[in-house]
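Take a look at the structure below.
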Amino acid sequence: MLLRCPVPSRLTPLTGIAPCLASEATSIRSAPSRSCRMEATAGADRSQNGAVAAAPEAAPPAAEAFLRPHLLALAPYTPIEPFEILSQRMGRDAADIIKLDANENPYGPPPEVLEALGSMPFPNIYPDPQSRLLRAALAEDVGVPAENLLVGCGADELIDLLMRCTLDPGDCIVDCPPTFTMYVFDAAVNDARVITVPRLDGFRLDVDGIEAAVREHKPKLLFLTSPNNPDGSLITEGNLRRMLALPVLVVLDEAYVDFSTEPSRLSWVLDHPNLVVLRTFSKSAALAGMRVGYGAFPSGLIDYMWRAKQPYNVTVASEVAARAALSNPAYLDKVRTALMTERERLFQVLQSIDYLEPFPSQANFILCKVGGGRAAKDVKAALMAEGIMVRYYSQPELNMYVRISVGKPEHTDALEAVLRRI
């Protein structure tokens, strides 16, 4: 049964309810008023005793019907499998697996990190939504005012947050593959278009192509990675300045810059209102499992990033760990030097393998082209059978390559032995 009322021309001034119900505001009447009548639901059957049979309810829609339509075509992101899953799948103890597939730091964080986590105060209290103590420590470390720094649950969160703050559905970004695939993934999540400007031979940026793409498509964001993942190449200062002259927000991802011979461009944000620089604690600080990233943002942008971010996005444990890592710069420098030294040794080893062509790298990994009649996926499989994990890519532009993270000297020794044996 439905209660039907004529559409009122206005609401009653005092009660705010329709005139046909105003007289019933303080009590429920047993009979309907003239202007409101009870009618049987359309299509209902009335039995001999006057009872009305309820119309059959429509079946609820499938769960997918509630999704935003563009998400139905979203391809899932393929993450690297963690130690525990690898251990089960390979039938090996986690300690026996040499993990060179995710660019993690094999030396671990400074000892102060575990000490600080073990004595962490107030884990039962929500974290500071502004990460003020960590931002103050970062400001002192990188020379950028805390007012221009924002901390996230990894740099990945900041990439997504930046897109949510700047992109309307149908807006576009510029991507320069092969590079970090999270830019394309987050663009798809945010219903943005991706304008692709592929890299040139040797993984060089096609700066002319980027300039043409910006003129033609008018993107809001241009994502650049230096050193680039997966090849470890750098963006020259001249090329970066050319792209900063374009009418686009340039997002420079410096996840691996600590392993580079070039300085960070974090401080450039203070002079360029169309530049964002992203950094992470996952690599040189060895806190990949804690998920802490940060970025330097121009003043006109960061105010709105603060409004849009989740309030408690960085956990108490993550902030404690990051601050403890910053407290021991000597350890961080020692580990960086060790990995950069081992990178040169690893490069020489890979050069000596006749079916591999390694590319010079300024990061903590080396990309190798697989030749000699071998398939890259077979090389990965052979190494995996020996407990050594490296990164293989299935996308066409990289399916003849493997990426090998820099490990400890004993990891390089084990890798070399298997590569020569296979």
Relative to the longest principal axis of the chain, what angle (0 to 90°, nearest 10) does the C-alpha long axis of helix 154-166 take?
50 degrees
List the chymotrypsin sites (Phe, Trp or Tyr not before Pro) within the stretch 304-368 that DSSP assigns to loop and that have no more than 15 neighbouring Cβ atoms inside 10 Å.
312, 355
Under 1.5 on a/c is rounded, so check that first for the stretch 160-225, then, if it is not, pick prolate when a/b is larger than b/c and oblate when it is not; a ≥ b ≥ c are the square roots of the alpha carbon gyration tensor eigenvalues.
oblate
Principal axis extents for the stretch 200-263, Cα atoms only, whole Å, descending order, please.
35, 24, 19
Sorted by accessible surface (1.4 Å probe, heavy atoms of the protein chains only), largest first, 307, 92, 336 come out as 307, 92, 336
Cα centroid distance between the stretch 152-203 and the stretch 229-299, in Å?
15 Å
Give me the extension gain from residue 57 to residue 352: residue separation times 0.36 nm, minus the current Cα-Cα distance, reported in nm with one decimal.
99.0 nm
Just tell me which lysines come within less than 20 Å, Cα to Cα, of residue 369; anything on the same chain fewer than 8 places away is out.
99, 377, 380
Measure of size requested: the Rg and Dmax of the chain, with Cα atoms as the atom set and Å as the unit; please supply both.
29.2, 96
What distance in nm lies between label points placed 7 Å from Cα along the C-beta direction at residue 216 and residue 112?
5.1 nm
Can you tell me the orientation of helix 299-308 relative to the chain, as the angle in degrees between its alpha-carbon axis and the longest Cα principal axis, to the nearest 10?
60 degrees
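Before I look further, what does the stretch 54-112 give for accessible area per residue, probe 1.4 Å, in whole square angstrom?
Normalised by residue count, the accessible surface of the stretch 54-112 is 71 Å².
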Relative to the longest principal Cα axis of the chain, at what angle does helix 207-217 sit, 0 to 90 degrees, rounded to 10?
10 degrees
Could you tell me what percent of the DSSP beta bridges with both partners in the chain are antiparallel, to the nearest 5?
55 percent
Which residue, chosen from 364, 223, 375, occupies the Cα position most advanced towards the positive end of the dipole of the chain, where the dipole is computed from +1 (Lys, Arg) and -1 (Asp, Glu) charges on Cβ about the Cα centre?
223
If I build a Gaussian network model for the chain, linking alpha-carbon pairs within less than 10 angstrom, which residue out of 226, 131, 405 has the largest mean-square fluctuation?
131
Between residue 80 and residue 125, Cβ-based FRET efficiency (R0 45 Å, step 0.05) works out to 0.85
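First compute the accessible area of the chain with a 1.4 Å probe, then give the percent of it belonging to carbon and sulfur atoms.
It is 55 percent, rounded to a whole number.
The values are calculated or read from the model by the stated rules, or taken from the named source; none is laboratory data. As the structure is a computational prediction, the values presented were derived from the model and not from experiment. Glycine gets a Cβ as well: all are built from the backbone with ideal geometry, and neighbour counts include every protein chain shown. Ligands, DNA and RNA are stripped out before the accessible areas are found, and what is left, the full protein with its side chains, is counted by its heavy atoms. Shrake-Rupley method; radii C 1.70, N 1.55, O 1.52, S 1.80 Å.
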